[in-house]
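Shown next, in structure tokens, is the structure this report addresses.
What follows draws every value from the coordinates through simple rules; no lab data is involved. Small disclaimer: the values here were computed from a predicted structure and weren't measured. Quick reminder, even Gly has a Cβ in these numbers, built from the backbone with ideal geometry, and neighbours come from all protein chains shown.
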Amino acid sequence: MAMKYAGEDGRVNASMAPVSEALKAAKLTYEVKVWDGAQHAFFTNTGERYNATAATAAQKQLLAWFGAHLA
């Protein structure tokens, strides 16, 4: 599981630690990345919070993760 968090999204980020702990306890492969300066829905290109730099980097990282872990 690849988890992408917006650094400026405290509500959603509150789930980061419990979700990470559960995945670790289940011995699942996962990765957590926080995009500093990004807000909730930073990858939604039709919204006012869109962050093209973070969204593009997140997409590339996510696709690389899928390529490495989903065969």
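Assorted remarks:
- Every pair of residues 6+ apart whose Cβ atoms lie under 7 Å, when the first sits in the stretch 11-25 and is touching a residue at least 24 places away in the same chain (Cβ under 8 Å) and under 20 Å from Ala38 (Cα atoms) while the second is among the aromatic types (Phe, Trp, Tyr) and surrounded by 11 or more Cβ atoms within 10 Å (Cβ to Cβ): Val12/Tyr5
- Annotation note: Cβ proximity below 7 Å between a residue of the stretch 36-59 that is without any contact (Cβ under 8 Å) to a residue 60 or more places away in the chain and closer than 12 Å to Ala6 by Cα and a residue that is of a type in the set (Ser, Thr, Tyr) and surrounded by fewer than 14 Cβ atoms within 10 Å (Cβ to Cβ) (sequence gap 6+ or interchain) occurs for Tyr50/Thr44.
Here's the yes/no breakdown for (1) in contact with a strand residue (DSSP E or B) (Cβ under 9 Å, 6 or more places away or on another chain); (2) small (Gly, Ala, Ser):
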{"site": "Ala2", "(1), (2)": "yes, yes"}
{"site": "Val12", "(1), (2)": "yes, no"}
{"site": "His40", "(1), (2)": "yes, no"}
{"site": "Glu48", "(1), (2)": "no, no"}
{"site": "Ala55", "(1), (2)": "yes, yes"}
{"site": "Lys60", "(1), (2)": "no, no"}
